[in-house]
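Engineer: I have a structure I would like to understand better, so I am pasting it below and will then ask my questions one at a time.
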Amino acid sequence: MREHLVSGARYLAVVLTVLAALSAGPAWAGTELNPDADEILRSMSTFMGAAKAFSVVAEVSNEIITRDGEKLQWNSSARVLLRRPAGYHAVLQGRFGAAELFFDGKQLVLYGKSANAFFRKDVVGGNDAFFAAIESELGLNLPGIDLLAADPYAALASGITSSGYHGIAYVSGVECHHPSFRKDEVDWQIWVKTGDQPLPMKYVITTKWLTGAPQYSVQMHDWKLEPAVPADRFTFSPPQGAVKWEALPVDEAGELAVAGESK
């Protein structure tokens, strides 16, 4: 009888230990600022900020929660060419059809190809001024815009309350570090290529307090750090018959809503 009581007590102790471990979460979970996560973020940011020019292809997934609670996923892609201090060109494809975005340090232009229409706005300054105008003033979401800033660390690290490091993972066959970060309104994760070129390969933002916790994700590939940059790549010349839009056609989710582009 005593042996059964001892065995039962040991079993109960094991169960309680396991439950305590589970409730505590993984040892690497971010309950405070993790130095490995911060080091990876700083390394990537320094590398990206030092690049004079690059091109990349981004595959974008944007989850939308409808008014009746349905979760939808909008997918699009962007082929981006960036030159510092001022020069941005992107070929965009998605629900809206095909569009191009230009910035030359003086003007930003969005051109809807199928609609043969364009929006133009004076923006004088570097790429960061362009990013601020396109998001804050015009309401358009650009893929991974924080990663393209002159100082990505300042843009990404602001407001972080905790972080974690989750080891090595693979994105499209590329070996990556996987840190995660928490802020008051969102959680976000990033996958950064290992080695001497710490390029971002995937970036996921979760809006955690919105019903359904929708995610915005960008997966990047085909990085080129010394791309060919045609002299006129960042300047837009309206094609014959092109119509000028007075306002940028953007919907409430920050997606392009180009009339006549696609159905």
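Engineer: Run residue 68 past the list (1) surrounded by fewer than 18 Cβ atoms within 10 Å (Cβ to Cβ); (2) in a strand (DSSP E or B) and report the number of the one that doesn't hold.
Structural biologist: Unmet for residue 68, out of (1) surrounded by fewer than 18 Cβ atoms within 10 Å (Cβ to Cβ); (2) in a strand (DSSP E or B): (2).
Engineer: Within 18 Å of residue 146 (Cβ to Cβ), acidic (Asp, Glu) and buried (at least 16 other Cβ atoms within 10 Å of the Cβ): which single residue out of 63, 59 fits that description?
Structural biologist: One residue alone meets the criteria, 59.
Engineer: Answer with yes or no whether residue 53 is of a type outside the set (D, E, K, R) and either under 18 Å from the mean Cα position of the chain (by Cα) or crowded, with 18+ Cβ neighbours inside 10 Å (or both). I'd like the intermediate steps shown before the answer.
Structural biologist: On the way: of a type outside the set (D, E, K, R): yes; either under 18 Å from the mean Cα position of the chain (by Cα) or crowded, with 18+ Cβ neighbours inside 10 Å (or both): no.
No; evaluated as a whole, the condition is false for this residue.
Engineer: Follow-up question, since we're still on this one. Need at least 1 residues that are within 23 Å of residue 222 (Cα to Cα) and of a type outside the set (Asp, Glu) per element, so show me which strands (runs of 3 or more DSSP E) inside segment 77-172 make the cut, counting only ones lying wholly within it.
Structural biologist: It comes to 88-94, 97-103, 162-171.
Engineer: Given (1) within 13 Å of the chain's Cα centre (by Cα); (2) modelled with pLDDT under 95, identify the lone condition not met by residue 152.
Structural biologist: For residue 152, the failing item is (2).
The values are calculated or read from the model by the stated rules, or taken from the named source; none is laboratory data. These figures come from a predicted structure and were not determined experimentally. In this analysis, Cβ positions are derived from the backbone assuming ideal geometry, glycine residues included, and neighbour counts consider all displayed protein chains.
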